[in-house]
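> So that we are looking at the same thing, I have put the structure below in structure tokens.
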Amino acid sequence: MNTTDTLNPSSGPAHDLHHHNPSFIKKYIFSTDHKMIGVQFLITTLIMMLLGGALALGIRWQLAWPWENMPIFGIKFAGEGGQISPEFYTMLFTMHATVMIFLVVIPILAGAFGNFLIPLMIGADDMAFPTLNMLSYWFMWPAIFFFGLSFYFGGAASGWTSYPLLSALPEAAPGSGHAQNMWLIAVTFVGVSSMMGSVNYMTTIINMRAPGMTLFRMPLTIWSMFITAILQAFALPVLTAAGFMMLFDRAALGGAFEGIHTSFFIPSGIVVNNADPTVGGGQALLWQHLFWFYSHPAVYIMLLPAMGMVSDMLATMCRKPIFGYKPMAYSLAAIAGLGFIVWGHHMFTSGMNPALGMTFMVSTIMIALPSAIKTFNWIGTIWGGKIRFNTVTLHCIAFVSQFVVGGLSGIFMAAVPVDIYIHDTYFIVAHFHYVLFGSTLFGIFGAIQFWFPKMFGRMMNERLGKIHFFLTFVGFNGTFFPMHLLGVAGMPRRYADPYIHPYLEHLMPMNQFITICALIMGLAQLILIYNWVSSIFWGPKCGPNPWNANGVEWSAPSPPPHGNFEVIPTVYRGPYEYSSPLVQGRDFLMQTELLPPPEPDEPDDPDVPAGSAGPAEQDAPNDSPEDPATGTDGEPGEASETAAEES
Amino acid sequence: MSRIFWCLFFTFWPIAAIVVCAIAPAMDWGFPGNREAATPLGQRIDDLFYLILGIVTVAFIGTMGALAYVLWKGSKNEDEKGWFSHGSHNLEVIWTIVPSGILLFIALYQIDVWAIYRVRDYENRDADPRPTHLVAEVTARQFEWRIRYPAPGKKFKTYKEVKDWLARPHAGDVYAVNKLFVPLNRETLIYLKSGDVQHAFFVPDLRVKQDAMPGQSIDIWFTVNRAGKFNLTCAELCGWGHYKMRGEVEAVEDLQAQLRRLKSLQDYDGVTPPEGAPGELEGATP
Amino acid sequence: MADHESHDKIYLRVFGALCVFTLLSAIADLFKEASPGVVGVVVLAIAVAKAACVMLFFMHLKWERGWKYVLLAPTTILAIGLPIALMPDIGWNYYHKVPTETMIEAEHHNSSAAAGDQDH
Amino acid sequence: MSHSSPPTVAEPLKMGLKMANSKLCLWLFLGTEIMFFSALIGTYIVLRLSSVDVDGDRAWPSNEITHIVTIAGAINTFVLIGSSWLVVKAHEEIARGQFKEGLRDLLLVFACAVLFLGIKGYEYQGKWTRDILPGRISETRLQAVEKAVRQIGAVAALDAEALGGEPARKDLVAQYTQLETLLRQEKLTLAATEDRVVSLTKHESYGPLIESHVMMARIYHDRTRDEAGNLVSLDQEHHAAYYIPYGNLFASCYFTITGFHAIHVIVGMIIFFFPIKKGLMGGLEEADAQYVENAGLYWHFVDLVWIFLFPLIYIVQF
Ligand code: HEA
Ligand code: HEA
Ligand code: CUA
Ligand SMILES: [Cu+2]
């Protein structure tokens, strides 16, 4: 029931379709329309991606030609003659990772695509709380501002993992005193933004689905967004708490508060840079636990939405129902569930209790299982399809294959004894770029192209798209595949100049090769940006459903008006009825299409109980004996029962 | 046309990946020095690595082969529509059970190695003979390794004695920086500490890595079975000079002789010349 | 929602129970020198009982539908699991803690802990 | 479904839970809050457990030393419980249309929140005056004496007038120099240094300044006066009380946890401010029951956290 909160302006009546023409500022800047917020997120994150990439190129420059003057950027950033100093190098990779993770991947998935797609795909007119949604975007800006300040103060310099005491004692990393504080504040803002987003998404998905959109008729994108939101809601507060603790540990106050700071992570008797010995009694290892308790689920936050979107895109482009819809949904939930109990695999060599390490190892290895199920089901989806080899498809296939590489390298590290050797070497760097760039970003590139018509009512250029794909794929593998070998050769991460160690000298040519490939890949991104921007203005116009897809979003006009749908649509079936024998002359059957009455009971659809297609039943979901969403909180067992009874 | 190109593309690149891996050892892109580990434990780690590499290669070829196959089939699909199938229960079961078997095997198979590397009966450590193998206490600092050996000839009998030695400096201790001597073919026990931030003691040739946690003293043990000098590096970000914490571990037949030499250098009062040539000064604190 | 009066009564009774519980913990506190272990268990049990009262009645969970389990079961597991998972590493000092001045002083200190007066 | 919302006649077609979006969202938000406090409290528990002395025995400072007053905590628990009860009452009354009673109860809730913060502030103040603040606590005897000498140095740097004339200043500076010298000999003369610091407080002109500025002297005196206010003899027991092993860790946990809890109380006050304002202007309506219910849920959560903090911080010895 939709009780109107008179005191809460953000939850107005859900179906108010009388929207008046808003002013420019309300429409494009402080917009509460989920689509505009999504686009705002998208633009912001794409710009940030360029920035993060530029920082990466700085890293690569130093590794290929250590201590040489860096072209272009060197003059801007590095001070003395454009040379990268070791401090600057530390700051480079810290900020590279920070920007890529907190300002690109997380906000582009949840913020941009989550916002744009959730209401459209479930057939709602907007998010449950549009104002909260807007705030979640605008809380990104303080985050960006403080990250910017962090740059200005010299850059946080303890890696994106910020292990104490390097990060907790200002004296330990001279020059990054304020920068580290700004970094922590910024991360807190990202946290607040994500928290606001995630509770909003969960509420929307649970409560705002269009009539007939049962849980098991939701596209996998929605499933993945939902599960991601759960992960965020329950893992992120821990990082926020830890971030506050570290901030208080670092506090340097004056006046009556002189000398007050906490000591959660600071043990006693530590002498850093000839300062007085610390008094504290804290535990440095504690941070790692709290940090990874968030940051491991975070890597799945950075992957699951891409998995969901790729599933939708693959089904559409192969003109085939998704292979094993329910296993796909369950394995998403399983990854999320297991994702909460594996965080210790980042700490195998840190001096953790070996028994605990053993537990974490077993759970980590087992998390490959749901991933394997998903991989096989994607391949199954392609199997027997009528594949359209367009840019979207290529990116999806790249997603699958690169995920396999990244995932399989994860198995090496999950094996503790092997991790003893490869921990903190470039093997790790290879692993996470394969999963973060190779899977997630390829998925995102595909999704940009796929939903572009819905966002702007125009198509993106195919030829440019393919060139971008080719260069990115080749450049990507050229960059990151050799890093596995660097890792096995024992090259540690975060080294400004590995070649002072004799056993690494011979790896310089390989590093130069990597840098050249990274440059190619970086340049290729400019093609994407060009393609994206020019298509907004000059791309060919398209109708509501250019891909002949099934999802609810494709029944809205392109781009959808404020309020999305003329009338709130009714959903009659799952989203993957491609090539259905029920319709002749075309190979798609939209979720919102009402087939003529003599229709049989859709015997081929295992997910929809017989007789559910009739509108009569759909009209009275409130009378159902069970709440349909009772089981939605990552407990698929319950969900399946209740959802089946619902309609 | 373009379909064929992309099918070839996605068929070709996994092959390229495998070829690169296959030629890697020949190109000296493998383990450091292209040699096996210099500790028995490291050799087991290598074996595990190759075992996982094998399993993973099979999985890789399998998935990439399947992917290439379905792509080729799909690109040549002349039917009006795709195959209307929502999946297969049997397949689903197979590809859940088979990988879970493999994964469980990997998980259980290696516990043993981990146990040898790390697990120790702490309840009974007073009875544990291993503390008596104590060789040195290594303290990582920004940006060097400080090493303290017990006085030459000193023997430990119980854990309590070891604990006492660790608690504070003792007369006769031998100090060194960035150069650690360890005995050959005998178990070495090192207590690792950090003087400031977190570091990690990483000797690639020995496949030994352990973080130095501030506030803790962590024991590592290994047996070197190849004489020679090994690079010691720092594997945990510890500040701007992280990359230059270069040290060396040398396995020697007669550790005590080395300690005595270091000791005499340390006691050198500037008048009586120490034994040995100036060249041997390396590894001693001035 | 028919019987508001009875709700009011339930609330009052719950409030009374909570007050009694609080009093009990305050009383238990007096015995903590004698048997700290028992007192600890007792007051924590009281806290759980109090929390249950607040959640069931004041937060209406008693009258809510199935979603309460779906939301609260995982949350509770995670919330309790986190400290438990931290225990082997942080709580129990698996490795040797480097002895510091503080720890050495603490040794003498404990014997003379009860030095202070109750004011504050 | 909220058992209080009035039955709606024509409900819009809707999937999902029969529950207001705002309430659902609030519950989810409480889930995140639970995790937040779980991290803080978990940290406190494990850090406290890990605080051991050289023999591995627990060495967390006792309540007496850290000035934890159980009775204050108990009263605060009572205040919060009472306010929780008042909230549900207010909710019920507003839903029923008894706005006057509802408003009264809301006002009482607000008053309870103020009272809670007042008691909390009183407790904080007790820590503040004894410098039981994170980062400022001496954990060893040496540190405490060093700190005392530093503070005497600060007093000695004041101008002559404040110190009661030029001769007094000269005397104090001389004393300070001597203390410095003593301190450099470290442990050998710790006791002597201590005694000297205490005796400085007897000086007729600058004695009061020392007593109020030098933390060690103050705590020393607090603990060693008899009924008549005279100093009694100093023994080993009293030496111990002005330095607190693991005191900084205690203060870190204590202030962070209770501080975040207090912030939540303040946020709760802000939340209750709106319906109160509306009520004072006579504008409460039945539909506001939903808002009050949601606000109440939040408030009960704040209460819940305190229900666990009270035993964990004030009572349990682990
Ligand atoms: C999107 C992000 C993402 C994803 C999805 C993953 C997925 C996985 N990760 Fe990764 N990881 C990161 C991002 C990610 N990781 C990052 C950023 C870091 C470094 C952080 C830092 O230190 O800075 C990291 C670090 C990291 C470590 C720590 C290494 C170290 O520092 O020493 C470990 C160790 O266990 C690990 C393991 C795994 C495993 C087992 C998976 C599994 O989920 C993978 C499962 C998938 C498959 C296995 C492939 C598909 C399956 C098949 C084809 C079936 C057949 C396979 C078999 C039978 C084996 N990761
Ligand atoms: C989503 C996450 C993500 C992404 C996309 C990337 C992308 C890249 N990363 Fe990153 N990386 C991380 C996450 C990511 N990385 C993380 C988490 C770490 C760990 C940090 C740590 O240790 O703490 C890391 C660390 C890391 C290292 C290791 C540093 C070290 O340990 O010393 C290296 C080294 O080569 C590297 C390289 C690259 C390269 C070449 C790219 C390329 O893909 C980039 C390609 C380029 C672009 C996409 C943009 C193109 C821009 C231009 C052409 C310039 C135009 C400029 C303007 C308009 C301003 N990364
Ligand atoms: Cu020491 Cu890195
Ligand atoms: Cu992880």
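> Calculate, in nm to one decimal, what residue A:141 and residue A:541 gain on full extension: separation in residues at 0.36 nm each, minus their alpha carbon distance.
Here the segment from residue A:141 to residue A:541 would lengthen by 140.7 nm.
> Need one word for the protein assembly as shown: rounded, prolate or oblate. Basis is the Cα gyration tensor (sqrt eigenvalues a ≥ b ≥ c); a/c below 1.5 gives rounded, then a/b vs b/c decides.
oblate
> Moving on to the next point. Run the quick spin-label model on residue D:57 and residue D:274: label points 7 Å from Cα toward the beta carbon, then report their separation in nm to one decimal.
If labels sit at residue D:57 and residue D:274, their model points lie 5.6 nm apart.
> Under 5 Å between amide hydrogens, which residues at least 5 positions from residue B:225 or on another chain qualify, with H placed 1.01 Å from N in the peptide plane?
Under 5 Å from the amide H of residue B:225 lie the amide H atoms of B:39, B:185, each far enough along the sequence or on another chain.
> Taking the Cα centre of the range A:477-589 as the origin, how large is its charge dipole in debye, to the nearest 20, when only Lys and Arg (+1) and Asp and Glu (-1) carry charge on their Cβ atoms?
20
> Taking the Cβ-Cβ separation of residue B:18 and residue B:104 as r and a Förster radius of 22 Å, what is the calculated FRET efficiency to the nearest 0.05?
0.25
> Just for the protein assembly as shown, what percent of DSSP beta bridges are antiparallel, to the closest 5?
Antiparallel: roughly 70 percent of the beta bridges in the protein assembly as shown.
> Only Cα pairs under 8 Å and at least 6 apart count here; give the relative contact order of chain B as a rounded whole percent.
Over chain B, the number comes to 18 percent.
> Once amide H atoms are built 1.01 Å from N in the peptide plane, which residues 5 or more positions from residue B:252, or in another chain, come under 5 Å H to H?
Result for residue B:252 returns B:182, B:184.
> May I pose another question? If you take all C-alpha pairs in the range B:130-280, what percent of them are over 26 Å apart?
Counting every Cα pair in the range B:130-280, those more than 26 Å apart make up 24 percent.
> Let me ask something else about it. Over 5 Å intervals from 0, what percent of Cα-Cα pairs in the range A:30-150 sits in each interval?
The percentages, shortest bin first, are 2, 11, 19, 18, 13, 11, 9, 7, 5, 4, 1, 0.
> Now for a separate question. Using only alpha carbon positions, build the gyration tensor of chain A, then give the equivalent ellipsoid semi-axes as the square roots of 5 times its eigenvalues, largest first, whole angstrom.
43, 27, 25
> Still on this structure, please answer the following. Distance cut-off 23 Å, Cα to Cα: go down the list C:9/D:100; A:320/A:454; A:35/D:278; D:127/D:202; A:374/A:541; D:120/D:278 and report the pairs above it.
On the way: C:9/D:100 20 Å; A:320/A:454 21 Å; A:35/D:278 35 Å; D:127/D:202 25 Å; A:374/A:541 35 Å; D:120/D:278 29 Å.
As for pairs spanning more than 23 Å Cα to Cα, those are A:35/D:278; D:127/D:202; A:374/A:541; D:120/D:278.
> Taking the Cα centre of chain A as the origin, how large is its charge dipole in debye, to the nearest 20, when only Lys and Arg (+1) and Asp and Glu (-1) carry charge on their Cβ atoms?
Here chain A has a charge dipole of around 1980 debye.
> So, R0 is 51 Å and r is the distance between the beta-carbons of residue B:168 and residue A:359; what FRET efficiency does that work out to, to 0.05?
0.90
> Take the Cα gyration tensor of chain D, multiply each eigenvalue by 5, square-root it, and list the three semi-axes largest first, rounded to whole angstrom.
Working through the eigenvalues yields semi-axes of 54, 22, 15 Å.
> Which value in deg cm²/dmol, rounded to the nearest 500, describes the helix-derived mean residue ellipticity at 222 nm for chain A, given -39,500 (n - 2.57) per DSSP H run of n ≥ 4 and division by the residue count?
Values: 21 runs with 343 residues, N = 647.
That calculation yields -17500 deg cm²/dmol at 222 nm.
> For residue C:94, what residues show an amide H to amide H distance below 5 Å, using hydrogens built from the backbone and excluding near sequence neighbours?
For residue C:94, no residues qualify.
> Specify whether the C-alpha gyration tensor of the range B:157-227 places it in the rounded, prolate or oblate class, a ≥ b ≥ c being the square roots of the eigenvalues: rounded for a/c under 1.5, otherwise prolate if a/b is larger than b/c and oblate if not.
oblate
> OK, next. Sketch the reach of a paramagnetic label on residue A:68 as a point 7 Å from Cα along Cα-to-Cβ, and name the residues of the range A:500-527 whose backbone nitrogen lies under 19 Å away.
Once the point is set 7 Å along Cα→Cβ of residue A:68, A:500-501, A:505-523 turn out to lie under 19 Å by backbone N, inside the range A:500-527.
> In addition: Please compute the volume of the convex hull spanned by the alpha-carbon atoms of chain B and report it per residue in Å³.
Details: hull volume 56.3 nm³, N = 286.
Enclosed volume per residue, from the Cα hull, is 197 Å³.
> Between residue B:253 and residue D:170, with labels modelled 7 Å along Cα→Cβ, what's the label distance in nm to one decimal, could you check?
Distance between the two pseudo-spin positions: 7.7 nm.
> Here's a follow-up. Would you tell me the mean number of C-beta atoms belonging to other protein chains that fall within 10 Å of each C-beta in A:490-503, as a whole number?
Details: counts 13, 3, 12, 4, 7, 8, 5, 2, 2, 1, 4, 10, 6, 7.
The per-residue average across the peptide is 6.
> Can you tell me, using C-alpha contacts under 8 Å and at least 6 residues apart, the relative contact order of the range B:130-280 as a whole percent?
Value for the range B:130-280: 26 percent.
> Calculate the spin-label point distance for residue B:91 paired with residue A:29, positioning each point 7 Å from the Cα along the beta-carbon direction, and give it in nanometres.
The two pseudo-label positions are separated by 5.3 nm.
Read the figures in this text as sums done on the coordinates, not as results from a lab. Treat the numbers as computed from the prediction; the structure is a model and nothing was measured. All Cβ positions, glycine included, derive from the backbone under ideal geometry; neighbour counts span all protein chains shown.
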